[in-house]
Each structure stands twice: as structure tokens, then as C-alpha cells.
1. Can ASP132 be described as among the acidic types (Asp, Glu) and in contact with a helix residue (DSSP H, G or I) (Cβ under 7 Å, 6 or more places away or on another chain)?
2. When the residues of region 127-148 are filtered to those that are surrounded by 15 or more Cβ atoms within 10 Å (Cβ to Cβ) and within 10 Å of the ligand (Cβ to nearest atom), which remaining residue is farthest from TYR23 (Cα to Cα)?
3. Can you tell me which residue in region 116-126 is nearest to PRO57 (Cα to Cα), limited to those that are in contact (Cβ under 8 Å) with a residue 12 or more places away in the chain and away from the ligand (no atom under 12 Å from the Cβ)?
4. Among the numbered conditions (1) assigned to a loop (DSSP other than H, G, I, E, B); (2) at pLDDT 95 or above; (3) within 16 Å of the ligand (Cβ to nearest atom); (4) among the aliphatic types (A, V, I, L, M), tell me where ALA106 comes up short.
5. Kindly indicate whether CYS112 is within 12 Å of the ligand (Cβ to nearest atom), buried (at least 18 other Cβ atoms within 10 Å of the Cβ) and not hydroxyl-bearing (Ser, Thr, Tyr).
6. Give region 77-122 a look and list any residue that's aliphatic (A, V, I, L, M) and more than 16 Å from the chain's Cα centre (by Cα), or say none.
7. Has region 53-73 got any residue that is among the β-branched types (Val, Ile, Thr) and more than 27 Å from ARG35 (Cβ to Cβ)?
8. Checking the structure you have, find out if any residue of region 85-95 is in a strand (DSSP E or B) and either outside the structural domain of SER137 (by TED's automatic domain parsing) or surrounded by 13 or more Cβ atoms within 10 Å (Cβ to Cβ) (or both).
Amino acid sequence: MALCPPSPAAAIPMPDKRAGLVYYGDVHVGTIGLRSGNPFGTDQWQWRCGFYPGSEPRDCTSGTAASFDQARGDFEEAWRVFLANRTEADFDEYRKHRAWTAWKYAMWDSGCKLPTQLASGQSRCFCGAVIDIKGMSQHVHVAHMEAA
Ligand SMILES: [Zn+2]
């Protein structure tokens, strides 16, 4: 049985068809990926740039493009503008929000109640610490926020 000659198309690198996540350090700052469900003849790629909180919703931008390279170029341009308007405090705000969200899900996953869900206003963290409504966010930032 004769082997098929390799197709010339096989030599063309194809970007990953799943949405590519774009990171700046440890912060997820956007995506570049193929659109799904859009009509033939329209832009096949889309990008999204920015993170929230740590910015105003209007600071986050997105667009579509005919090719991956164009989407990446548009993203990089948008990122330059976005980054120029950010401070380290904005990144911290995002990281705190991320830590808070991860903690909340970890609490639910471990069957623990948030202090706000109990009449006493006091609860026990999955790590064993006693927490109340007032000290809850401080506890998350001190005990459960990964070092940036
Ligand atoms: Zn804890």
C-alpha cells in the first residue's frame, strides 16, 4: 500500500483553535481566539483586552479580525493603551478580587459557611481560623492570597 504524499497544507502552522489566554505576569489580561457560530465571510478571530476589577469596565476593549496575526496586533495595540493607564494598585485590586473569589469557592467546596450566611455573623474558615464579617476580607488577604 502506497503512502500518501504529505500534504503541503500540513506544513502550515495553525494557531490553537481554542481561545488563547493572554497573561501579563500572573494576571489574565485577555484572550485571542476563533469566534464560533459567526456567519461565513465575517471576521473569524476575536480578541478581548483588559481585566476587571482594577480598571473601569470601559477600559476593557475587544474586537474582531480576519486573521490571528491581525487579532494579535490589535490586541497588542489595545494592551499598550490599557497598561499605560494602570498602576500597581490596579493589579493588586485585581489580585485581591481573584483571591476573594477563589476563597469563596473553596469555602463552598469544603461545605463551610461564610460569616454572612450565619445569624451569629461568625464562622470557621476551611483552614480552621475563626472568622467574622468584619475580619473576613482581612483573613483572606493575609492567609489565602498567593504571593504575587
Ligand atoms: Zn482561612
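The values are calculated or read from the model by the stated rules, or taken from the named source; none is laboratory data. Not measured: the values here are computed from a predicted model. Quick reminder, even Gly has a Cβ in these numbers, built from the backbone with ideal geometry, and neighbours come from all protein chains shown.
1. Working: among the acidic types (Asp, Glu): yes; in contact with a helix residue (DSSP H, G or I) (Cβ under 7 Å, 6 or more places away or on another chain): yes.
Here the answer is yes, as ASP132 does meet what is asked.
2. ILE131
3. THR116
4. It is condition (1) that ALA106 fails.
5. Working: within 12 Å of the ligand (Cβ to nearest atom): yes; buried (at least 18 other Cβ atoms within 10 Å of the Cβ): no; not hydroxyl-bearing (Ser, Thr, Tyr): yes.
Judged against the criteria, CYS112 is not a match.
6. ALA78, VAL81, ALA84, ALA89, ALA106, MET107, LEU114, LEU118, ALA119
7. For region 53-73, residues among the β-branched types (Val, Ile, Thr) and more than 27 Å from ARG35 (Cβ to Cβ): absent.
8. Within region 85-95, none of the residues are in a strand (DSSP E or B) and either outside the structural domain of SER137 (by TED's automatic domain parsing) or surrounded by 13 or more Cβ atoms within 10 Å (Cβ to Cβ) (or both).
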